[in-house]
Amino acid sequence: MARILTIWYADDHEFLISLARDERSHIRSAAREPILKAAKDSLLLRKLIIQETELNSLDPTLLQTAITEGLFLNTEALEVMRLLLSDTASVRYAALPILNAKYIPVELMQAESIRLLSDDDMDIRYAARRALKKLGQVPTGA
């Protein structure tokens, strides 16, 4: 039923987001692909994904997938980078793929990666090291 609803209401972004917030995993799963598909053409939906993730209303992996698929460009990418400052480790982790974006200034990616080397979460520190290595930087003492 949820899959059918996502087809009927594919243009209703608030409805799709509400499905993605549902506590039932099969409902969230049914909403995932329609949201990502609609987000390709909708600045508003991409902003909603950022906002709802920041508020811990959405599963952060949805944001992570959207970043990996290259949905956030230019100033939107900078908004995603702001999530690297989140108090919630899962939100910071979900935002990490933005450090590999081709349209983020190298200096900014480097500065954020260096800052994240001291993150409390081991997975985030490891991802920051990988990002620095991709940039040709070798973290010292790590």
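The values are calculated or read from the model by the stated rules, or taken from the named source; none is laboratory data. Owing to the predicted nature of the structure, the values given are computational and were not obtained by experimental measurement. Glycine gets a Cβ as well: all are built from the backbone with ideal geometry, and neighbour counts include every protein chain shown.
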(message) Pairs please, first residue from region 48-71 and over 13 Å from S90 (Cα atoms), second anywhere and acidic (D, E), Cβ atoms under 8 Å, 6+ apart in sequence or on different chains.
(response) L48/E14; I50/E76; I50/E79
(request) May I ask you to list the residues in region 17-37 that are assigned to a loop (DSSP other than H, G, I, E, B) and more than 19 Å from I50 (Cβ to Cβ)? (result) D22, E23, R24
(request) Please work out which residue is nearest to A31 (Cα to Cα), limiting yourself to region 79-114 and to residues that are in contact with a Phe, Trp or Tyr (Cβ under 9 Å, 6 or more places away or on another chain) and of a type in the set (A, V, I, L, M). (result) V80
(request) Considering only region 1-56, state which residues are more than 23 Å from D87 (Cα to Cα), among the aliphatic types (A, V, I, L, M), touching a Ser or Thr at 6+ places or on another chain (Cβ under 9 Å) and at pLDDT below 90. (result) A2, L16, L19, A30, A31
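For every residue, the table says whether it meets (1) over 17 Å from L43 (Cβ atoms); (2) surrounded by 18 or more Cβ atoms within 10 Å (Cβ to Cβ).
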| residue | (1), (2) |
| --- | --- |
| L71 | no, yes |
| A77 | no, yes |
| V80 | no, yes |
| D87 | yes, no |
| R92 | yes, yes |
| N100 | yes, no |
| V106 | yes, no |
| Q110 | yes, no |
| I114 | yes, no |
